[in-house]
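Before any comments, here is the structure.
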Amino acid sequence: MRILNLIISLDGLYFVNKDGERLEFFTSVKKIFIRFQNYFLDFELYLLFIVGFIPSHSFRRFCYELCGMEIGSGSTLHMGARFYNPANITIGQGTIIGDRVFLDGRAKLTIGNHTDIASEVMIYNSQHDLTDPSMKAVEEPVTVGDYVFIGPRAIILQGVTLGEGSVVAAGAVVTKDVPEKSIVGGVPAVEIGKRQIKTLKYKLGRFRLFQ
């Protein structure tokens with residue numbers, strides 16, 4: 001992949017961007033620096049992908065925290081997790097996250113305490129702006145509250161807040177905020193019920209060993 005296009009002309013050497021527009025020297029240097037930062041992040045994410053298949057919760061946690069992720073006591077991620085920018089991801093206490101999840105850290109991602117996220121859930125906080133001529137990225141933080149349950153293969157999109165004790169049914173696509181203790185399902189997700197528990201104080205069971 002080319003960093004920038006280098007043009008040689010009678011005016012001397014200069015760089016152009018992907019649209020062929022000439023760049024000032026300091027702009028070129030900044031873009032080159034950012035691109036190498038992205039290369040480093042890509043390599044880091046590749047290493048975390050490999051780490052995700054090591055059957056040790058403690059070792060995976062150590063590596064994730066080494067890359068800037070904040071993980072509360074008693075919380076864990078099962079094998080096969082994928083990430084964008086783990087340094088923007090915070091996980092509370094006593095939370096269990098299932099295997100093969102995808103957690104997007106391009107904007108802030110906050111996951112609360114005693115929350116249960118099932119297998120193959122995907123949480124995104126960035127998407128392309130379809131109204132912009134350059135398809136620029138739009139990033140918005142995602143917040144998952146305490147005592148939330150997200151069913152298998154659900155998708156949570158950018159800017160969404162899942163209120164305390166809310167439930168997302170398996171396979172749902174959540175595009176807007178979910179109130180406390182609401183149960184949502186479908187594509188796009190709509191409210192289909194309410195949890196009747198008045199006080200949320202439970203703790204999740206143990207995580208699976210060697211997974």
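Take the chain, mark every one of the trypsin sites (Lys or Arg not before Pro) that falls in a DSSP loop and has at most 12 other Cβ within 10 Å, then report the longest stretch left between them, sites excluded.
That gives 19-135 as the longest site-free run.
Relative contact order of the chain: what whole-number percent is it, with Cα pairs under 8 angstrom and at least 6 residues apart?
12 percent
Counting only DSSP beta bridges with both residues in the chain, what percent are antiparallel, rounded to the nearest 5?
Antiparallel bridges make up about 30 percent of those DSSP assigns within the chain.
If I fit a long axis through the Cα atoms of helix 25-51 and take the longest principal axis of the Cα atoms of the chain, what angle between them do I get, 0 to 90°, rounded to 10?
With rounding to tens, the tilt is 40 degrees.
Sort Thr115, Thr161 so that the residue with the fewest other Cβ atoms within 10 Å of its own Cβ comes first and the one with the most comes last.
Starting with the residue having the fewest Cβ neighbours, the order is Thr161, Thr115.
Please state the charge dipole magnitude for the stretch 56-194, taken about the Cα centre, from unit charges on C-beta atoms (+1 on K and R, -1 on D and E), reported in debye and rounded to the nearest 20.
Result for the stretch 56-194 is approximately 280 debye, rounded to the nearest 20.
Nearest 10 degrees is fine. How inclined is helix 57-66 to the longest principal axis of the chain, computing both from alpha carbons?
Value to nearest ten degrees: 40.
Helix-only mean residue ellipticity at 222 nm, the chain, DSSP H runs n ≥ 4 weighted -39,500 (n - 2.57), per residue, nearest 500. What is it?
-6000 deg cm²/dmol
Provide Val173, Val121 in ascending order of the number of other Cβ atoms located within 10 Å of each residue's Cβ, fewest first.
Ascending Cβ contact count within 10 Å gives the list Val173, Val121.
Taking chymotrypsin sites (Phe, Trp or Tyr not before Pro) as candidate sites, keep only those in a DSSP loop with at most 11 other Cβ atoms within 10 Å, then name the longest stretch of the chain containing none of them. The partial results should precede the final answer.
Details: sites that count: Phe53, Tyr202, Phe210.
Longest stretch, sites excluded: 54-201.
So for the chain, taking the charge dipole from beta-carbon charges (+1 Lys/Arg, -1 Asp/Glu), which of Leu66, Ala170, Leu48 sits furthest toward the positive end?
The one lying farthest along the dipole's positive direction is Ala170.
Over the Cα atoms of the chain, what radius of gyration and what Dmax do you get, in Å?
Cα radius of gyration and Dmax of the chain are 20.5, 75 Å respectively.
For a footprinting-style exposure proxy, rank His78, His128 by other Cβ within 10 Å, fewest first. Mind dumping the intermediate values first?
Numbers: His78 21, His128 11.
Ascending number of Cβ neighbours within 10 Å: His128, His78.
Only the coordinates and a few stated rules stand behind these numbers; no lab work does. On a predicted model such as this, the values are computed, not experimentally measured, just so you know. Cβ coordinates were reconstructed from backbone atoms using ideal geometry, including for glycine residues, and neighbour counts include every protein chain displayed.
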